[in-house]
Structures are given as structure tokens and as C-alpha cells.
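Reading through the C-alpha cells given below for one structure.
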Amino acid sequence: MMSGSMTDGTEMKTAASPSDCAIELRGIVKRFPGVVANDGINLKINRGEIHCLLGENGAGKTTLMRILYGLYQPDAGEILLTGVPTKIRSPKDALVHRIGMVHQHFRLVPTLTAAENIILGLDEGTGPFLNIRKVRAKINKIANAYGLAVDPQAKIWQLSVGQQQRVEIIKALYRDADILIMDEPTSVLTPQEVDQLFSTLRTLVDDGLTIIFITHKLDEVMEVSDRVTVLRKGKVVGTQLTSETDKPSLAKLMVGREVVFRVEKTPVHRGDKLLEVTELHALNDRGLPALRGMSFDLYEGEILGVAGVSGNGQKELAEVLTGLRHATRGRVMLAGKNVTNHSARKIAAAGVAHVPTERITMGTVPNMSIRENLVLKSYRYPPVSHGMFIDYRYAKQMAQQAMKEYQIIAPSDETAVKLLSGGNIQRLVLARELSGDPRLIVAAHPTYGLDVGATEQIRQILLQQRDRGAGILLISEDLEEVMTLSDRIMVMFQGGVMGIVDGAAAKIEEIGLMMAGEKQGVSASAQSTNAKVA
Amino acid sequence: MGWESWLISTFARALAYGTPLLLGTLGEIYAERSGVLNLGIEGMMIMGAYAAFVVTSKTGQPWLGVIVAAAVGGVFSLIHAFASITLKANQVVSGLALTMLGLGLAGVLGRSWVGLPLFTPLTRATVPGLSAIPIIGPGFFTRQCLLAYIAMLLVPIMWYILFHTRIGVTIRAVGEDPATADSLGVNVARVRYLCVVVGGIFAGIAGAYLSIYYRPAWTAGMTGGIGWIVIALTIFAFWNPVYGLVGSYFFAALYFLAYRMQMWVAPSILKAMPYVFAILILIFVSRGTLQKRMGAPAALTLPYTRGEE
Amino acid sequence: MLKVLTPKWLKIERRPVPSGGVIFLVSIIAIVAALLVAAIFFAAYGVSPISAYRSIIGGALGNWSGISETLRRMIPLLLCGIGLTIAFRALFWNIGADGQLLLGAVAATGVALFSGLPGPLLLPAMFFAGFSAGALWGVIPAVLKVKLGINDVITTLMMNYIALYVVLWLIHGPWRGPSMRGYAYTDMFPPAARIPVIGQSHVHWPTLVLGIVLAVIMYIFLNRTRGGFEIRVVGENPHAARFSGISELKTIAIVMVLSGGLAGLAGVGEVAGVHYQLLDPTQISMGYGYTAIIVAWLARKNPLAVIITSFFFGVLMAGGDVIKVNLGLPFQLIHVFNGLIMFFLIGSELFMNYKISIRRQ
């Protein structure tokens, strides 16, 4: 729909003179203990373009942009802004040079209002006093110009994720940013919100702004960018005009080999009904309704994917099912037994495994050893413990075996978990949760933040579990993942089920609309479910 | 007639005893809003009390005593600021250490001052106009220490600064989400230092009020746990200066009313009452806090290091 | 701020896991530094710091009477300190060991004077009652914290004051000893309610032995048992504890039963091993509960190490008495000491967790 105008724009920019180079990075090196995050990166960003930085998780995109934004100092290399070597020592410096950044995890203070967040840290020449009316007027002006509607008086925690992102963009524009760094901005949006964001970005570029857009999604690169630079393992592997490349060649650059977009999946062998959720209600941490009458079934041997914009009750659903959150109403039946509001301990003992979203803050004890983390749930039963004592020798054997089986790479089983990489931690969580062959696996964002290798491996493990006969509830914000792995897809919106569709037949547009709250084809899928139940 | 004079005397005593609580609470609210829990109030208060007493005794100038006490409180609080902000030490332990150090230091330094009389305590004043209001006037605005009025006046000022100025936005942001504040160019450490020192200054003044007005004499340990009650009141106040005022006076009134029961209850039991009240008050407000989740600044007690969120 | 204070040629890196040697070395340096700063006070009082420290060490360890004073101080510090290591492991801020100790003393006194139990049962019953009373005093803030989210520092502290006034009320009122001529003490305990001591000293050795045995038991409990595992998980990561189905209420309650109970045992020791009566709370406790916080912190929350650190603070306390008597210095100097040591200790943790080196150009 926008390809025509895009091509024109690209051609114009290709012809631009070298002085139009807004940013040049030369030989940027950044090391962290044990990793070289950026390894001699050279990059030129032209004024007035949307430049995508494409790469897998861990390729060094965010690190590079944090250097540009002054959050990190490079160990070597220099930054040139319109040809002038510049030191950016802090975000404040970056703002002086009119660089703004919208972080992947928003940098907004939840208890402050949108307006307060926007003016935080600014000195507008009014001393300590605030002319809140003037601030609001300026916010509204920006909002109207770029289609960023938001209530300046609302507290951040009252806003939806999409609205929060708009506050972030306004925050940068309010500071007269003319270079805008967007770090994975679409991961929390519905497809419709993504379209809206893209049109905002285009308006901004038309007004002369330069946008650096970090992503690992190829579709977005093709849709929004003028040029694209691919990073792999901290190095630039290529910069191309978007109009002169295509998805497969970008994917090859990104991963370093041909990518299989489809996971090999055996046909589903649905078993008995494993989980029956009826009219489930629960509150969120703030005491507001998060689940409002959810009902669905899950069968043995199938993966039920849960799609939805984050914050629509997915986290609460996982917590209620695993006994971590109290259901205010409704019923959860596990293999015919009522387990509603049983304790986490009882539910785990009944064969429910939980791979939590917060794998570090919740799924592990970072200061304790791999060994102790592996027995975090089994420590209370034989053979790990006898009477009141834990058999650490047995635990050691168990840990070493699990480390081998799940390829957890560490010097020893006594290594503290906080020293492990993300992939190793997730494999550790899986090793623990899947030991003892659970019947139900509640997996929330199991591959979030992992590299391609680890992601593939973890998806394989989940599929093996499914083939073994376990029922899997797969919650993910990665729509591609949900569509790839799921046998059926359930879309959640505002704590309810918008619809359940067949995984193989699902269309992304349809799911997108449901994620935005529009009922689609519910009756059909509900019927098919009912038919199977009957 | 009886109930009127009863009410008036209750108000008057509530204001008199509530003032050091209010001063301490105002300061602690600022420190905690910026993300630093300071359990050293008791230590800073006793240092202020000592300094005010000595300066006033030597110079005969009680207001000079107040100023020096404020300075001493502020400087003393820097120890906690340095430990908890710069060295990122555990705030609970550091605050306790500050209290120990303060109580010890004031005891050592003040040994030769014990039992000496003070000839020039802070004087009382009556507010013209306001004192004519029935009951409220004689209760709150008649023959009280000038510091009590100043403390009262500080409440709206501190409230306005916290909720309606740039400074306040910055302080609250630093206490809720220092990484975000940092990413916008706010100097997190500086804001926190400033707020801790404000807390120290207020605690110092509260100490001066005790030693050169409330009980114009010096004894080691004369703060008698007021610093701890301040910590409880800060929670009760939901980190809001206006509720801080309500809490301080309410608490002081309860304390006074308990004393009125001396005819029936043993004095030791009455002396334990403030601490029982403090716990009861916390139980009372906890129901609201748990549900609404309003309250404690999210980054309270958490040291901040860039890039380690 | 660290950046502001750090010259360019210094490099500060996070140390992943500090080794035992580093911890020990840094702790020793911190104590030495604190003692050096404290030397300024001696100098200010016109006492040579060297002779002051010599008389502290000499007074506390130089002869039997000094050693016995040191051991006498060590006993309550040991018992309270072990309890606090457990509480701190669970990240429960028990600042209330002093109150728990007093309540233990009260319960022991009640049993000793008013139970009418036969002689041989008296002492065991007193220890049991003291443990229970301390545990009860400790469990209240535990429940308030887990159930209502009320700050543990404040409640435990407030309960110290309440305990103090409970003791004062008892000795001025209902329990004032008829044979004490109007003084605010209870009557003396019967001989069967007194813990045996070594010679003429105040070293009630059975309590000391009990403390050392309990240190070993608690070390094993924390590191080898299911209960200890749960306590450590709750303390390290309460979210993970909830996730793995560990009951926070149960765990914290157990922690505070142990922590308060051990402090209660210390109270039993003081009244049944030293004073043989209930008397003014400042004489019973002398701030043991507060000093024990430093004892536990210095021991890095390890019950076995408390045996050493409580001995060290026993030396300091006994030495404090010596400088008070011999050099005429105010006894509050010991609080200054404690405060300084605590500051240097927590300040030193930066050096444990971060590696500071000289940056090569």
C-alpha cells in the first residue's frame, strides 16, 4: 500500500550527498565480561531516512544504540555527528545533540502522569516551577501533528502499552529530537497499532527526522525502512537499500546460513481432555479485573497457543493455572479433578510444569548454584531428600545429568545461576520443569530474548513434550512463534477469549483483528471445539 | 464548658508533642521519596538536640542553636548518604549504624552537660487573628513554640514542591525509577544526596525543638525513640506531607490521651503506648496499602548503578 | 556518584562471586580502619590510643577476670547472633533481638519464682519458657509482615520498647520483690533456678555450651535440610519461593520462632546465670540485641562464624568496661565503636563485590 511512495523516497535519498550523513559510527568496540557485544562496527545513517538495524537477539543492536545514546561508553571507536567527531558521555549529551531513544522496555515512571514523564529532567527556563498549562499545550501540538493521541494528565500505569509508546515518542519530540532511535518498538503492539506507528514514523521522516529502527523481524524491515544494516555477533555483515534486497537474503545475512521458517511438526494426536477452564475470573496486582470469565479446554498431546497483546491477562492466566494467583470466580479442572485455587505446590505435584515469563526473577534463584536451582521443586520429595535432610550428593548427580541432557554449559554444577547466559538459564528452567514428565506445561514466552540456536532447541523440546502426550499452553508475544508451534490458537483480549482458531488454517490478519478486540470467526471454531468435546 | 477546655488542652498538647514528629516525618518523606530509607533519624535527632543545647547554653541564642542543629543534622546525614548512595551499602544496616553512632557520639560528647539548666529556651508565641478562632485558636495558635508554626507552614510548601514543581517530579521519578530518570539526564546520586540531607536537616531541627524547648535540658537518649515513630509515621502518611501532618498530630493526641489515664494505668504501660499505637496504626493503614498499592516508592532501599537494572 | 568520585585511572568491575579469602581480608581491614578512626576519640580525650587499645585487650583477655567478663558478654551475643543470621538469611530484618531477649528473661523469671515446679525441672522449664516467649515476641512481626506487608524493621523495633516497658512495669508493680525493701527488683531466684557458673565468675558455662552446639546445629540446618533450603530461597528470591510453592508465611514464621527463641534463651541466661533476678532492662541487656546485629553481619550470616564474631564483640564490650573504669572514658564510646565498625563493614562490601584495579593506559 505504501510501496510506491517508499520507492520514490528511497531514490531521492540514494542520490543524497555525503554531507547528508547524519551519523557515522567508526570502529565501535564494546566489551562486556565474557562477550564482545560490538566488534569494530562501522555504520552511516543518512539524514531523513528510516534505517533498520536488523539482527538476532544478542547481535549487538541495542548495545550499539545505547552507545549512541550515551548509556554506554565504547571501548574503542568514534561517533561523528554530521561529520564532526563527538563524545556522547550521557543521555543528557545525546539530548543536547538532539538524539532521542524509545527503549524496548519503556523508560516511563508508572506513578507519574504522561506530562510529568515528558518534562522529566528538562530545564525549560522556568526554574523549579512548572507551567503545566504550557506543557500540555506543547504536548497536544506534537500529538496532533503526528497522530499521537494521549491524555497528558493520565498516570502512566493507567495507559495501554500502545499509548505508553506514544508518550515515549512525544517525550523525544518534546526535546526537539531530530534523530529517533526505536528499539524493537513493535513487539508489544497489535498489528493495527503497528500500522499506526509506521504511519507516524513516515510523517516524522517527511518532516525531516532521521529514524533508526531496531528489529529482528524481516517483514517490518521490508515494510518500513529505506535502508537496512544487518548485524551478526557484534559485526556489520552488510548494509543495503531495502528496495534492492528481499527477505530470504536478509535472513541469510542475519543468521549466517539458510533459515528454515517452518518447524518440522508431526500431525497432532489429540488425547483426552486435560484442562477445562470455566468462567475464570481473577484480579491483577493492582486489584483490577484481569481475567473476566475465561473458558477453554486443552487436550493431551496438543499445543494451545495464546496470542494477544501483552497485558490482556496472559500473565494472570498462567499464574492462576499454576496456583500462584487466586481465582475470584470460576473453575479449573485438571484431568477431571477440580484444582481451582489449590496451592502452587499441590498443582505442581499434580503434574503441572510452569516455564515463567520472568525466568530470572521468578524461575531461578540467581545467587544459588545450578544444582540447588535444579531441585527447586523436587527438593521436598525423595529421592532428593530423606526426612528433613537434602541429599546433596544425589542432587549433584541429578544436576550433572540434566546439564548434559539439556546442554547447560557451565564450569560446574556449583556455578551460581546469575553467571549463566539467557539460553542456559532457560534450558535450566526447562530441565527442572520437565523432569518427571508433567502432564500440563504452561510455557510463557519460552524463547523470549534467546538466540536462534537456543530458540530452535527449546521449540524442539516443546514439540517433543507434545508428542509424548503432554498438553502445552504456549503464551507468547511472538505471533510467528505461536503460529508456527500451535495446533490451536486462542486469542486473549481484556481478560477474555476472543476466539479459538485452528493453528494450520489461521490467518495473521484475522488473529490481529481479534487481538485488537474484534470478534472473528468465533462461532466456527467454538463449534469445532464443541463438536470434538461431544 | 468541660469538654471545651478538654479539647483545647488536647489540641495544644498534640501540637506540642506532634511538632518534632512532624518535622522528622517531613524530612524522612523527602529522603524516602528519592529512594533512600534512612533509619538514622534517631541518631540525627539526638545529634541535633545535643548541638542545639550546647550552642544555646554557650551563646544564649536559641535560634542560633536551631540553625546549628539543622547543620549538624544535615552533615551527619551525609554519612548515611555516602554509605548508601555512593558505596551502595545496605540502607537498613547503614541507617541503624547511623543511629548507633549518633546515640553514642551525643552520649560521649554531652556527658559534661548532663543536668545543667538552660536559661534561654525557645520562647512561645501566639498567632494574632488565628488565635481568636474558638477552640482551634486557643488549641493550636496560642502560646506555642514558633517552630511549631513554622513546621505547620512547611507542610503546604513541602507538599507543593513535591507534587507541583520540577524538583518534585524529579525526586519522585528518582525514587520510583532511577534508571529512567538517569536516561533523561537526571543526576540520580545528586538528587538522593540532596533529599537525604534535607531529611537530616529536619531531624536536626526536631532535635533542637526537644532539647531547647520541649524539655529544655540535656540527657543522653532524650529523643527516646521518637526517630523510630517518625519512620512509622512516614508510612502512615503514604509519603505525603499533608498526611504527615495529620498523622503526627493524631499520634501525639493519642499519646496525650493515654497519659490522661494515669489514674488507672501504671506509668510504664502508658510509656509503652506510643509504640503500641505505632504498630496499630501501621496495621490499620496496611489494609489500604495492600489493595491500592499506593505508597512506597518503587526503588526504596535499592541502590542505583547505571546499566545494572 | 561513584563515577564522580572515581579518578580515571581506577577501574571498577563487578566481582561475580567474592571468595572466602577476599571476604575475610576485607572484613579485617574494615575493623582495623574503624578502630583507627575510633583512635581519634581517645586522642580527643587525652588518652593515647595505643595505651587505650592495650588496656582494652589486656583488660578483656589479660587475666582470668577479664576473660570471664569477655565470655559472659559473648554468651548473649552468640545466642542472639545465631538467631539473627537465620533471620537475615531469610531477609527478615529482625532488629528486635533485644526485646525478644527481655521477654525470654521475663518468662524465665516467671517460671523460677512462681511456677512451684520441683528443683530438677526448674531450669529446663525456664529455658523452654524463655525460648517460647522470645519466639512469640518474634513471630508477631513475622505474621504482620507476611500477612499485612508491615515493615519488619519498625515492628521489631517498636516491640523492643514495648518489652522494655513490660519489664519495668513488672519490677515496679506486680513482681516487685517483697524482700527487696522497695527497690525495683524481683526476689532472688531459688538455687535450683540458677545456672551453674565457673568458679566465682559470671560465666554460666551450660548456656555457652548450648550456644556453641546451637551454632553447629543451625549451620547444618541452614545448609543441609529442607527447612534451611526454603529459608535461603525465600531470602534470596521471594518470587522464586512463591513460584516453587514454598509458603512464605510458614518459612518466615519458623525463622522468627528460631530467631526470637534463641534471643529468648539469651535472656534466660542473663537472669538465671548472672543476675538471679529480674531487674532494670538496661542492666539485663546492655544492648546485646543491637550489638548482635553487627555480630551477625560481620559473620556474613553464617552461624558458625558467629562463634568467632561474638567472641570479638565480647572482647570489645569487656574492654569497654575497662576503659570506663580505668581511663574514666564515657561508656557510650562503645556505641561509637559499634557504629563505626558497622559503617566500615557495610562500606567494605563494595570492595568485596567490586574489583577495583588500576587502569592501564
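The values are calculated or read from the model by the stated rules, or taken from the named source; none is laboratory data. On a predicted model such as this, the values are computed, not experimentally measured, just so you know. Note that we place each Cβ from the backbone using ideal geometry, even for glycine, and neighbour counts take in every protein chain shown.
Here A:PRO110 fulfils each of the conditions (1) part of a loop (DSSP other than H, G, I, E, B); (2) in contact (Cβ under 8 Å) with a residue 40 or more places away in the chain; (3) crowded, with 18+ Cβ neighbours inside 10 Å; (4) within 14 Å of chain B (Cβ to nearest Cβ) apart from (3). Return the residues of the range C:312-334 that are at pLDDT below 85 and touching a Leu at 6+ places or on another chain (Cβ under 6 Å); say none if nothing qualifies. Selection gives C:ILE323 alone. Please find, within the range A:71-107, the residue that is surrounded by the fewest Cβ atoms within 10 Å (Cβ to Cβ) out of those that are among the hydroxyl-bearing types (Ser, Thr, Tyr) and in contact with a Ser or Thr (Cβ under 8 Å, 6 or more places away or on another chain). The extreme case among them is A:THR82. Residues in the range B:213-223: is at least one outside any loop (DSSP other than H, G, I, E, B) and among the small types (Gly, Ala, Ser)? No, the range B:213-223 has no match at all.
The residues of the range B:144-172 that are buried (at least 20 other Cβ atoms within 10 Å of the Cβ) and either at the interface with another protein chain (Cβ under 8 Å from one of its Cβ atoms) or touching a strand residue (DSSP E or B) at 6+ places or on another chain (Cβ under 8 Å) (or both), listed by number, are B:GLN144, B:CYS145, B:ARG166, B:VAL169, B:THR170, B:ARG172. Considering the range C:224-275, the qualifying helices (runs of 4 or more DSSP H), each wholly inside and each with 1 or more residues that are buried (at least 20 other Cβ atoms within 10 Å of the Cβ) and at pLDDT below 95, run over C:226-236, C:238-243.
Can you tell me how many residues in the range B:230-244 are out of contact with any Gly (no Cβ under 8 Å at 6 or more places or on another chain) and either in a helix (DSSP H, G or I) or modelled with pLDDT under 90 (or both)?
In the first step, residues of the range B:230-244 are kept if they are out of contact with any Gly (no Cβ under 8 Å at 6 or more places or on another chain); the result is B:231-232, B:240-244.
Next, only the ones that are either in a helix (DSSP H, G or I) or modelled with pLDDT under 90 (or both) stay: B:231-232, B:241-244.
Of the residues in that region, 6 qualify.
Screening A:PRO383 on (1) more than 10 Å from chain C (Cβ to nearest Cβ); (2) under 31 Å from the mean Cα position of the chain (by Cα); (3) at pLDDT below 90 shows it passes everything except condition (2).
Output yes when any residue across the range A:138-149 is outside any helix (DSSP H, G or I) and surrounded by 19 or more Cβ atoms within 10 Å (Cβ to Cβ), and no when none is. Walk me through how you get there before you give the answer.
Within the range A:138-149, the subset outside any helix (DSSP H, G or I) is A:147-149.
Right, trim to surrounded by 19 or more Cβ atoms within 10 Å (Cβ to Cβ) and you get A:148.
The answer is yes; a qualifying residue exists.
Given the condition of a type in the set (Gly, Ala, Ser), touching a residue at least 24 places away in the same chain (Cβ under 8 Å), closer than 23 Å to A:VAL491 by Cα and outside any strand (DSSP E or B), answer yes or no: does some residue in the range A:192-204 qualify? No, the conditions are met nowhere in the range A:192-204. Restricted to the range A:267-329, the set of strands (runs of 3 or more DSSP E) holding at least 1 residues that are acidic (Asp, Glu) comprises A:273-283, A:289-299.
On the given criteria, is C:ASP187 acidic (Asp, Glu) and within 26 Å of C:ALA90 (Cα to Cα)?
Details: acidic (Asp, Glu): yes; within 26 Å of C:ALA90 (Cα to Cα): no.
When the stated conditions are applied, C:ASP187 does not pass them.
Just one of (1) in a loop (DSSP other than H, G, I, E, B); (2) more than 9 Å from chain C (Cβ to nearest Cβ); (3) not aromatic (Phe, Trp, Tyr) fails for B:ALA89. It is (2). Residues of the range A:350-373 that are closer than 30 Å to A:GLY336 by Cα, of a type in the set (A, V, I, L, M, F, W, C) and more than 7 Å from chain C (Cβ to nearest Cβ): A:ALA350, A:VAL352, A:ALA353, A:VAL355.
Pick out, from the range A:438-534, the helices (runs of 4 or more DSSP H) lying fully within it that include 1 or more residues that are closer than 30 Å to A:TYR406 by Cα and modelled with pLDDT of 90 or more.
Details: elements: A:452-468, A:479-485, A:508-515, A:522-533.
So the answer is A:452-468, A:479-485.
From A:ALA395, A:ALA307, which residue is among the small types (Gly, Ala, Ser), more than 14 Å from chain C (Cβ to nearest Cβ) and either free of Cβ contacts under 8 Å to residues at least 12 places away in the same chain or crowded, with 21+ Cβ neighbours inside 10 Å (or both)?
Working: A:ALA395 fails: more than 14 Å from chain C (Cβ to nearest Cβ).
Result of the check over A:ALA395, A:ALA307: A:ALA307.
So is C:ALA318 in a helix (DSSP H, G or I), more than 11 Å from chain B (Cβ to nearest Cβ) and aliphatic (A, V, I, L, M) or not? Against the criterion (in a helix (DSSP H, G or I), more than 11 Å from chain B (Cβ to nearest Cβ) and aliphatic (A, V, I, L, M)), C:ALA318 qualifies.
The residues listed here are A:VAL224, A:VAL230, A:VAL277, A:VAL236; of these, the one that is in the same structural domain as A:LEU462 (by TED's automatic domain parsing) and surrounded by 14 or more Cβ atoms within 10 Å (Cβ to Cβ) is A:VAL277. Scanning for something among the hydroxyl-bearing types (Ser, Thr, Tyr), away from chain C (no Cβ under 14 Å) and touching a helix residue (DSSP H, G or I) at 6+ places or on another chain (Cβ under 6 Å), does the range B:222-243 turn up at least one residue? Within the range B:222-243 (the criterion being among the hydroxyl-bearing types (Ser, Thr, Tyr), away from chain C (no Cβ under 14 Å) and touching a helix residue (DSSP H, G or I) at 6+ places or on another chain (Cβ under 6 Å)), the answer is no, since none of the residues qualifies. Consider B:GLY175 carefully, then state whether it is of a type in the set (Gly, Ala, Ser), within 12 Å of chain C (Cβ to nearest Cβ) and within 30 Å of C:TYR290 (Cβ to Cβ). No: the conditions fail for B:GLY175. Return yes or no: is B:SER94 of a type outside the set (D, E, K, R) and more than 8 Å from chain C (Cβ to nearest Cβ)? No. Just need a number here: residues in the range A:116-155 that are of a type in the set (Gly, Ala, Ser), in contact with a Lys or Arg (Cβ under 8 Å, 6 or more places away or on another chain) and within 24 Å of A:THR200 (Cα to Cα). Within the range A:116-155, residues that are of a type in the set (Gly, Ala, Ser), in contact with a Lys or Arg (Cβ under 8 Å, 6 or more places away or on another chain) and within 24 Å of A:THR200 (Cα to Cα) number 2.
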